[in-house]
1. Scan the range 70-88 and report the pairs whose first residue is outside any strand (DSSP E or B) and whose second residue is surrounded by fewer than 19 Cβ atoms within 10 Å (Cβ to Cβ) and of a type in the set (S, T, N, Q), with Cβ atoms within less than 6 Å and a gap of 6+ or a chain change.
2. Just a yes or no: is a residue in the range 13-35 under 16 Å from I125 (Cβ atoms) and either surrounded by 17 or more Cβ atoms within 10 Å (Cβ to Cβ) or at pLDDT 95 or above (or both)?
3. Which of (1) surrounded by 11 or more Cβ atoms within 10 Å (Cβ to Cβ); (2) of a type outside the set (A, V, I, L, M, F, W, C); (3) modelled with pLDDT of 90 or more is the odd one out, the single condition D3 does not satisfy?
4. Can you pull out every residue in the range 89-114 that is touching a residue at least 60 places away in the same chain (Cβ under 8 Å), surrounded by 20 or more Cβ atoms within 10 Å (Cβ to Cβ) and not in a strand (DSSP E or B)?
Amino acid sequence: MADVLSTQVPAASLPFQPLACSAGKSMEFRCDWTGSDEFTLNLNNAGEQGVIDMVQTLWIDNKDCNQKVDFEIDGSGQVIRFPATSQGYVPILAQNPVRIKVSAPSTPGQVTRFIIMNFRCQPYIWGV
């Protein structure tokens, strides 16, 4: 598993991940690590209802968390190890329906927020 800071991401769109045709959409999620060490996000229903049709970028807000957080993208096998006390945009390789497993050590009071977006953003991480 590569560290997100050392992973090179190609500038061009990937063949199995076309550019979004609809207007830019996003959905926000919050992982409270107080009682759990793993969350699974399945966007099958959201896709069927037209809420969000694909995911190309994650905005990860881990600034209030003192531990790294792992994002495992089902289908592509991409694993993002996002550093503690950091924020940033990370392009992802996701097939439809999108399934993402988010994991971190269970720690009371630690929270990670992230937003999935159906448009591409340049990768950028700060706070490390």
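1. G75/Q95; A84/N66; A84/Q67
2. no
3. (3)
4. A94, A104
The values are calculated or read from the model by the stated rules, or taken from the named source; none is laboratory data. Not measured: the values here are computed from a predicted model. Here Cβ is always computed from backbone atoms with ideal geometry, including for glycine, and neighbour counts include all displayed protein chains.
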